[in-house]
Amino acid sequence: MEGKKRTFSGIQPSGDLHLGNYLGAIKNWVDFQDEFDNIYCIVDMHTITVRQNPADLRRRCLEQLAQYLACGLDPEKSILFIQSHVPAHAELGWVLGCYTQFGELSRMTQFKQKAQQHADNITGGLFTYPVLMAADILLYQADLVPVGEDQRQHVELCRDIAVRFNGIYGDTFTLPEVLNRKAGARVMGLTTPNAKMSKSIPEGCVLLMDKPEDIQRKFKRAVTDSDTERCVRFDPVAKPGVSNLMQIYSAVTEKSYDEIEAEFEGKGYGAFKPAVGDAVVERLRPIREEATRLLADKVYLESIYKSGAERASYLANKTLRKVYKKVGFVAR
Ligand code: TYM
């Protein structure tokens, strides 16, 4: 793996994986798997920043691992592990918190949104969440962070923390950059083309494990635009609904927007919506089947996350030792 750039990313096991997670993140993890040296995590420690049912959280971690594998992640090429199995994340998170400003954290969009959604439970963990995310990335000296656009602000804060730390103590951390592709980087809800697809709006959210008929139903009910033109043309400002469907279709089929416009010329929205649904059904069908099969094999899943945690710990502890020494802790 020597010489390859390193990627790191993670997804919260806070609900079922959806098409936004897949197109914004996992699909790129899989597509770039040979090019980079990859580390992908199930970030359970981030998930408890809002209250979880313990049994559900445990179940979703395993389901998520099965889905990562079913999407095509190969444990030989990508280290796959569960965040809480590598204590260095929490340890570095503490140190980095001491190099992060209250003002910086107060400006984070995700914090402001989640604080609104969970107004009765705005915890310290929710506030310092981006510091733990910075620790995740910096522990592995990641060059690239394949995430959707909504996570860009957190990656930028991570860079700011790394630059600050390096400025005080000399070169310690690699400065990471976001990696994503235009189509898929910000998938909007099918019923809310002006808000990103998320589990909080279930009717507009396509889950990786949805049955084909449910996926089709969601696409048929997708909100299209009330413009008079009614043709399939990419214009996110005037036609956010159709443009979102085009983005999804493009990401799933690898067709360009020009090709899609030509394919549906003169056909209108009525033909386009089920065609996007079909393409998504066919893309997700093998994933759903393979995830179901893998989920039945708990021994295999355990072997993957155990060996993943071992390999991740080795890399993480190297960085943590360096950081502890630099800040002045007595060696263990
Ligand atoms: P999370 O769990 O909310 O989302 C996981 C990934 O899915 C992407 N994503 C989307 N992409 C396109 N369109 C959407 N509608 C959409 N919804 C979600 C996200 O951008 C993300 O890539 N803080 C992170 C998890 C995390 C992390 C990390 C990521 C923790 N530590 C270190 C990278 C590196 C989060 O909440 O993602």
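Computed values, structure above
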quantity	calculated
Modelled FRET efficiency - R0 25 Å, Ala262 with Asp31, Cβ distances, 0.05 increments	0.50
R0 of 22 Å, Cβ-Cβ distance Lys182-Ala271: FRET efficiency to nearest 0.05	0.35
Residues Phe32, Phe329, Phe81, sorted so that the one with the fewest Cβ neighbours within 10 Å comes first	Phe329, Phe32, Phe81
Inter-label distance for Asp278 and Glu213, nm, one decimal - labels placed 7 Å from Cα along Cα-to-Cβ	1.9
Cross-link reach list, lysines versus Lys182, counting only Cα pairs under 19 Å and skipping chain neighbours closer than eight places	Lys27, Lys196, Lys239, Lys255
In region 235-332, GluC sites (Glu not before Pro) in a DSSP loop with at most 14 other beta-carbon atoms within 10 Å	Glu254, Glu265
Folded to 0 to 90 degrees: helix 240-253 orientation relative to the chain principal axis, Cα	70
Cα gyration tensor, the chain - rounded (a/c under 1.5), prolate or oblate	prolate
Within region 196-229: backbone nitrogen closer than 18 Å to the Thr109 label point (7 Å, Cα to C-beta)	196-201
On Cα atoms only, tilt of 268-295 relative to the major axis of the chain in degrees	40
Label-point gap, in nm, between Ala195 and Asn317 - each point 7 angstrom along Cα→Cβ	4.5
Charge dipole (region 202-292, unit charges on Cβ, about Cα centre) - positive-most of Pro286, Gln216, Gln247	Gln216
Value of [θ]222 nm, deg cm²/dmol, for the chain, DSSP H segments ≥ 4, -39500 (n - 2.57) each, nearest 500	-16500 deg cm²/dmol
Two-site FRET efficiency, Tyr169 against Asp235, from Cβ-Cβ distance with R₀ of 41 Å, rounded to 0.05	0.25
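Values in this text are rule-based calculations from the coordinates and carry no lab data. As the structure is a prediction and not an experimental result, all values here were calculated from the model. Positions of Cβ are generated from backbone atoms using ideal geometry, with glycine treated the same way; all protein chains shown enter the neighbour counts.
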